[in-house]
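Enquirer: This structure is in structure tokens; I'll ask about it shortly.
The values are calculated or read from the model by the stated rules, or taken from the named source; none is laboratory data. Everything quoted here is computed from the prediction, not taken from an experiment. Note that we place each Cβ from the backbone using ideal geometry, even for glycine, and neighbour counts take in every protein chain shown.
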Amino acid sequence: MIFQTNYKVETFIAFFCSEFSEMSRPVKIVDYDSRWPILYEKEKRLILDVIEHIIVRIEHIGSTAVPGLGAKTTIDIMVAVNHLKDAEQCIEPLQRIGYEYVPEFEDSMPERRYFRKGHPPEEQHYHLHMVELTSDFWKRHLLFHDYLHTHPQVAQEYCELKKALADKYGLDREGYTDAKTSFIESVVAKAKAERKTQ
């Protein structure tokens, strides 16, 4: 698996935050909830009902997709399209099922189209990340997810780190995200190395 050298680590890290629209809320990590995959499957069906003819794949990613891993209550969904311009056709259908298209982060993450559903004080939130199937964004996030999924001890270390950082940084979501950078980088590096040996 080949990764482009111009893919910014900060871009990859920023995804895991998804915090920038919620800066006034403290980071809160809760214990794993067995309902998360059920919520994802329900949301996946809603999404496929309106844009299945446009997209090529859909995946549950982020911490809520890893069994046993504590997380924020946001369900992160990654959707692949053949061409990023196809995302334009998805805006109106996704709006019909409650998603808001959020274009303001495209300067820093031009390879992604971002949608969100659920706003405070609602507890359940969904973040939808639409990218090209061949993009580094897609590949790296699946690598990170798959490695945590198959290495539960590493997932537990990540959970403990997140809880400690949430206590330390509170409302400073940017600081919380930055502090996770080295751990996430190390996991991606291990996942890439492991994949090469398979």
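Enquirer: Name every residue in segment 32-51 that is among the acidic types (D, E) and touching a strand residue (DSSP E or B) at 6+ places or on another chain (Cβ under 9 Å), in order of residue number.
Expert: Within segment 32-51, D33, E41, E43 meet the criteria.
Enquirer: Here's a check for you: in segment 47-77, which residue that is of a type in the set (D, E, K, R) and more than 15 Å from P37 (Cβ to Cβ) is modelled with the lowest pLDDT?
Expert: Here the residue is K72.
Enquirer: Considering each residue of segment 96-147, count those that are acidic (D, E), touching a residue at least 24 places away in the same chain (Cβ under 8 Å) and touching a strand residue (DSSP E or B) at 6+ places or on another chain (Cβ under 8 Å), and give that number.
Expert: 2
Enquirer: Same structure again: Do any helices (runs of 4 or more DSSP H) entirely within segment 121-198 hold 3 or more residues that are modelled with pLDDT of 95 or more, and if so, which?
Expert: 136-150, 152-169, 181-197
Enquirer: Just to be sure I understand the filter: pairs with C-beta atoms under 6 Å, separated by 6 or more residues or on different chains, first member in segment 24-38 and among the charged types (D, E, K, R), second member surrounded by 11 or more Cβ atoms within 10 Å (Cβ to Cβ) and part of a loop (DSSP other than H, G, I, E, B). Which pairs pass?
Expert: Matching pairs, first to second residue: D31/G70.
Enquirer: Between a residue in segment 57-72 that is over 15 Å from R140 (Cβ atoms) and any residue that is surrounded by fewer than 19 Cβ atoms within 10 Å (Cβ to Cβ), which pairs come within a Cβ distance under 6 Å, given they are 6 or more apart or on different chains?
Expert: Going by the 6 Å Cβ cut-off, the qualifying pairs are I58/K44; V66/H149; G68/Y32; L69/Y32; G70/D31; G70/Y32.
Enquirer: Spot the failing condition for N82; the list is (1) on the phi > 0 side of the Ramachandran plot; (2) surrounded by fewer than 16 Cβ atoms within 10 Å (Cβ to Cβ), and only one is missed.
Expert: (1)
Enquirer: One residue is enough: does segment 89-105 have a residue meeting the conditions in contact with a Phe, Trp or Tyr (Cβ under 7 Å, 6 or more places away or on another chain), hydroxyl-bearing (S, T, Y), buried (at least 17 other Cβ atoms within 10 Å of the Cβ) and at pLDDT 95 or above?
Expert: For segment 89-105, residues in contact with a Phe, Trp or Tyr (Cβ under 7 Å, 6 or more places away or on another chain), hydroxyl-bearing (S, T, Y), buried (at least 17 other Cβ atoms within 10 Å of the Cβ) and at pLDDT 95 or above: present.
Enquirer: In addition: Could you check, for segment 18-39, whether at least one of its residues is more than 29 Å from P152 (Cα to Cα) and modelled with pLDDT of 95 or more?
Expert: The answer is no, given that none of the residues of segment 18-39 is more than 29 Å from P152 (Cα to Cα) and modelled with pLDDT of 95 or more.
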